[in-house]
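Asks: Below you'll find the structure I mean.
The values are calculated or read from the model by the stated rules, or taken from the named source; none is laboratory data. On a predicted model such as this, the values are computed, not experimentally measured, just so you know. Quick reminder, even Gly has a Cβ in these numbers, built from the backbone with ideal geometry, and neighbours come from all protein chains shown. Ligands, DNA and RNA are stripped out before the accessible areas are found, and what is left, the full protein with its side chains, is counted by its heavy atoms. Shrake-Rupley method; radii C 1.70, N 1.55, O 1.52, S 1.80 Å.
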Amino acid sequence: MTHPGFFLVLEGGDGVGKSTQAQLLTEWLGSPVGGFAEVIHTREPGGTELGVALRDAVMHGGHVAPRAEALLYAADRAHHIATVVRPALERGAAVVQDRYVDSSIVYQGGARGLGDQVEKISRWATEDLMPDLTVVLDMEPSADRMARDLDRVEAETASRAQEIRQAYRDLARAGGDRYVVVGADRDPASVSHDIQQAVTAALESRG
Ligand code: TYD
């Protein structure tokens, strides 16, 4: 299932600056040098109205059984891809998305021990839509974040920050040229510059 658009996903642990980079990249892709007439910045969970409700359910409630949690993220993803992302890609837009299937692989599959079933559920949910490029923002987990007020999901994942970082690096290594790992512990403009170079190379290689 090919499309004329460009699907770029930003991944990485909590607090690595994904939203800032997504914003900068969205502006750049829509500029004359980026060259896209339409650029959409979106995210998972919560990129649709239904997704906002699912996001609240999974992130701010009490205990959610691990399989229920995995299915809530997959439900958000199925609806988001079908109603927002795929139509945009079919129109030829660039889509810049905070988090995608790899977040479920890393957080539900790895950190919660649900293994590769989680990946299969997400692939089914998205009818196998693969990003053209995944940018993994990589940095040493920061100590101040541990001290901040965190919601339920964040509090659980903060303690696993090292494991999450490593899981992303492993995915990127296994994924070849559909991935780029960018050091994120620098000023946002330098990080953005490196991402732009990787995007330019990805766009050139597909002609
Ligand atoms: P969010 O507030 O979007 O934070 P961030 O800025 O770090 O992206 O929180 C998303 C949280 O949801 C984050 O802790 C990771 C988690 N998550 C999963 O566990 N599985 C998933 O499939 C997705 C998309 C997110």
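Asks: Hey, could you check the range 23-57 for residues that are more than 10 Å from the ligand (Cβ to nearest atom), closer than 26 Å to MET139 by Cα and part of a helix (DSSP H, G or I) and say which is most open to solvent (accessible area, probe 1.4 Å)?
Replies: My answer is GLU27.
Asks: Another question about this same structure. In the range 73-90, what residues are surrounded by fewer than 21 Cβ atoms within 10 Å (Cβ to Cβ) and over 20 Å from LEU29 (Cα atoms)?
Replies: If the condition is that a residue be surrounded by fewer than 21 Cβ atoms within 10 Å (Cβ to Cβ) and over 20 Å from LEU29 (Cα atoms), then ALA75, ALA78, HIS79, ALA82, THR83 are the ones that fit.
Asks: Moving on. Give me a count of the residues in the range 4-22 that are more than 23 Å from ILE105 (Cβ to Cβ) and in a loop (DSSP other than H, G, I, E, B).
Replies: 2
Asks: Another question, then. Are any residues in the range 118-130 of a type outside the set (Lys, Arg) and surrounded by fewer than 21 Cβ atoms within 10 Å (Cβ to Cβ), and if so, which ones?
Replies: GLU119, TRP124, THR126, GLU127, ASP128, LEU129, MET130
Asks: Something else now. Does at least one position in the range 171-181 carry a residue that is aliphatic (A, V, I, L, M), closer than 17 Å to ALA22 by Cβ and surrounded by 18 or more Cβ atoms within 10 Å (Cβ to Cβ)?
Replies: yes
Asks: Is it the case that the range 5-17 has a residue that's open to solvent by 50 Å² or more (accessible area, probe 1.4 Å), within 11 Å of the ligand (Cβ to nearest atom) and at pLDDT 95 or above?
Replies: No; the residues of the range 5-17 include none that is open to solvent by 50 Å² or more (accessible area, probe 1.4 Å), within 11 Å of the ligand (Cβ to nearest atom) and at pLDDT 95 or above.
Asks: Starting from the range 161-186, take each residue that is outside any loop (DSSP other than H, G, I, E, B) and list its partners that are of a type in the set (Lys, Arg), counting only C-beta distances under 7 angstrom and pairs at least six apart or across chains.
Replies: VAL181/ARG169
Asks: When the range 58-72 is examined, which residues are found to be small (Gly, Ala, Ser) and crowded, with 19+ Cβ neighbours inside 10 Å?
Replies: Across the range 58-72, the qualifying residue is only ALA70.
Asks: Separate question: Do the conditions hold for GLN196, that is, is it modelled with pLDDT under 95 and not in a strand (DSSP E or B)?
Replies: Here the answer is no, as GLN196 does not meet what is asked.
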